[in-house]
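One structure is given here, and the rest of the page talks about it.
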Amino acid sequence: MALLIALNKKAFVQEDLYVFGELGLDGRIKSSSMLFPLILSLKEQGKISRAMVPKEAMVYLKHISGVEFIAVETLKEAIVLMQKGVFEAQSTQFDYDAQKLVVEGETYYYRKVYGSDFKEIKGQMVAKRAALIAAAGMHNFFMEGNPGCGKSMIAKRLPDILPPVSEKELLSIAKHQFLDGQVPSFAPRRPDRSPHHTATSASIFGGGSGMAKIGEVALAHHGMLFFDELPHFSKQVLEALREPLQDRRVLISRVNSKIEYEADIMFVAAQNPCPCGNLLSKNKSCRCSEVEIKRYRNKLSDPFLDRIDLFVVMQEVQSSDRADVSSKAMHEAVIRAFERQKGRGQARLNGKLTEEEIETYCQLSADAQKVLEGAIEKFALSHRSIASVKKVARTIADIEGHEMIEKRDMLEALSYRRRK
């Protein structure tokens, strides 16, 4: 407004030029937390190619490639530039400080940095194998076991071995962080969020009395959302989670507005087998009654559990347990599987494939088809369960380097299905 008032008697035409910034009383042009999400959204819609922005905002705006930025510090500087009609625009192509992987002309970024190592978890080979599969295909993953068996340890190490990220994904992650009031690091790492079971529905899904603030689910976009002690979350939260897991978005409705946040997440959950935790123990006796166990398990509905691809019941820790695989080895396997998925031209990773994409990419050998047909008949698998098994089998085949889903891939995938 100030710029238009100052130039009100001068004719100029700049049809493709956007002007952003907040004007301070000292005449300086200031940035705001909404500037990055706003410009990125306009760029994704193909509506912006050139913009005048506060110079201080270039620290993070330089990550948005394909837009020419004219950086100014003061209103006076902006007025002079507009009067001259000559702009020195900065067009950036940001290079991330990370290892690169180029597949089908697209560049993906990752780092081999492991804060905690899977090598520190002794035993639990089945659970670690399931964790590898979950990471490679970004599948929803559920662990059940006695207290102290390693559920939280596995969940803590999973974010370090998740697949590489594209520039588009990194910018989308940063956009959500800005909406939360954070200053993004733009590190090539997928986010991980782990809200406590006492968290409110508004903090998990987003909300508030005024503008609907972003929540934990959307902040985990393109990354991992971990719910520890799953049955302790409210029934309302667990049932509301079904929509984001299915539609990969969070819709918040208010009287005067509706806000939609992207939420393409990998959901990881852990729980004890009963309230006291000793139901599966060979050394400790369970103190829970049948009614208490039933009430505990009834928190989780079948429609909710149907949206989870991998289920693992973990074993008690044994003195003979040994470390068998490192985070580095698991991450390298994830990267190889990622290359195979993207090499087939998949827009999404296996865990997020649509029904149509499953038919295209999850090709079964004759033996694998027979195994699946037998399982459908024996276990009365639903359409969603069949799709889930196919997606998991596709990821196992990618880890093993198989072009088609083979019999052993299908058998292993079926071993991770939920037992009712």
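Points worth noting:
- Comparing Ile308, Val59, Ile5 along the charge dipole axis of the chain, the residue lying farthest to the positive side is Ile308, per the Cβ-charge model.
- Using the 1.4 Å probe convention, the accessible area of the stretch 262-420 works out to 51 Å² per residue with neighbouring protein chains retained.
- Once you reduce the stretch 385-402 and the stretch 255-278 to the center of their Cα atoms, the two points are 24 Å from each other.
- Stretch gain in nm, segment Arg384-Arg249, where the contour uses 0.36 nm per residue and the Cα spacing is subtracted: 46.7 nm
- Carbon/sulfur fraction of accessible area - the chain, other protein chains in place, 1.4 Å, %: 49
- Between the labelled values (1) 22.2; (2) 24.6; (3) 23.2, the entry that holds mean projected area of the Cα convex hull in nm² as derived from this structure is (2).
- Rounded to the nearest 10 degrees, the angle from helix 383-400 to the longest Cα principal axis of the chain is 80 degrees.
- Computed 3J(HN,Hα) for the stretch 197-202, one whole-Hz value per residue from the Karplus formula 6.51 cos²θ - 1.76 cosθ + 1.60 where θ = phi - 60°, is 5, 8, 4, 6, 4, 5, glycine and proline marked x.
- Karplus (6.51, -1.76, 1.60) ³J(HN,Hα), θ = phi - 60°, over the stretch 281-298, in Hz, Gly and Pro reported as x: 6, 8, 10, 10, 8, 6, 9, 8, 7, 4, 5, 5, 5, 5, 5, 4, 6, 5
- Long-range amide H partners of Asp324 with built H, under 5 Å: Gly123
- Spatial offset of the stretch 1-72 relative to the stretch 293-350 amounts to 44 Å, using the alpha carbon center of each.
- Pairs over the 26 Å Cα-Cα cut-off, from the set Lys128/Lys390; Lys282/Lys328; Lys47/Lys175; Lys378/Lys407; Lys156/Lys378; Lys47/Lys100: Lys282/Lys328; Lys156/Lys378; Lys47/Lys100.
- Cross-link partners of Lys30 among lysines (Cα-Cα below 18 Å; sequence separation of 8 or more within a chain): Lys55, Lys62, Lys76
- Each of the peptides 100-110, 58-68 was scored by the mean count of other Cβ atoms within 10 Å over its residues; in descending order, highest first, they stand as 58-68, 100-110.
- The residue among Leu238, Phe186, His221 whose Cα reaches farthest toward the positive pole of the charge dipole of the stretch 159-285, with charges on the beta-carbon of Lys, Arg, Asp and Glu, is Leu238.
- Taking a ≥ b ≥ c as the square roots of the eigenvalues of the Cα gyration tensor, the stretch 321-420 is oblate, since a/c reaches 1.5 or more and a/b is not larger than b/c.
- Cβ-based net charge around Met330, under 12 Å, with every Lys or Arg adding one and every Asp or Glu removing one: +3
- With θ taken as phi - 60° and the Karplus curve 6.51 cos²θ - 1.76 cosθ + 1.60 applied, the whole-hertz 3J(HN,Hα) list for the stretch 309-316 is 8, 10, 10, 9, 9, 8, 8, 5 Hz, x standing for glycine and proline.
- The residues Lys10, Lys370, sorted by heavy-atom accessible surface at 1.4 Å with ligands and nucleic acids left out, run Lys370, Lys10 from largest to smallest.
- Compared with the dominant Cα axis of the chain, that is its longest principal axis, helix 125-137 is turned about 30°.
- By average C-beta atoms within 10 angstrom, highest first, the peptides 260-267, 185-192: 260-267, 185-192
- Net dipole in debye of the chain [+1 Lys, Arg Cβ; -1 Asp, Glu Cβ; about Cα centre; nearest 20]: 820
- Counting 0.36 nm for each residue step from Asp321 to Ile5 and taking away their Cα separation leaves a gain of 106.3 nm.
- When the surface is traced with a 1.4 Å probe over the full set of protein chains, Lys168 keeps roughly 140 Å² accessible.
- Taking the longest Cα principal axis of the chain as reference, the axis of helix 75-84 is set at about 70 degrees.
- Using the 1.4 Å probe convention, the accessible area of the stretch 100-259 works out to 41 Å² per residue with neighbouring protein chains retained.
- Close amide H pairs (under 5 Å, H built 1.01 Å from N) link Lys30 with Glu22, Leu23, Gly24, residues at least 5 positions away or on another chain.
The values are calculated or read from the model by the stated rules, or taken from the named source; none is laboratory data. Quick caveat, the model's predicted, so the values are computed rather than measured. When we count neighbours, we look across all protein chains shown, and the Cβ atoms used for this are built from the backbone with ideal geometry, even at glycine. These accessible areas exclude ligands, DNA and RNA; they are computed on the full protein's heavy atoms, side chains included. Shrake-Rupley method; radii C 1.70, N 1.55, O 1.52, S 1.80 Å.
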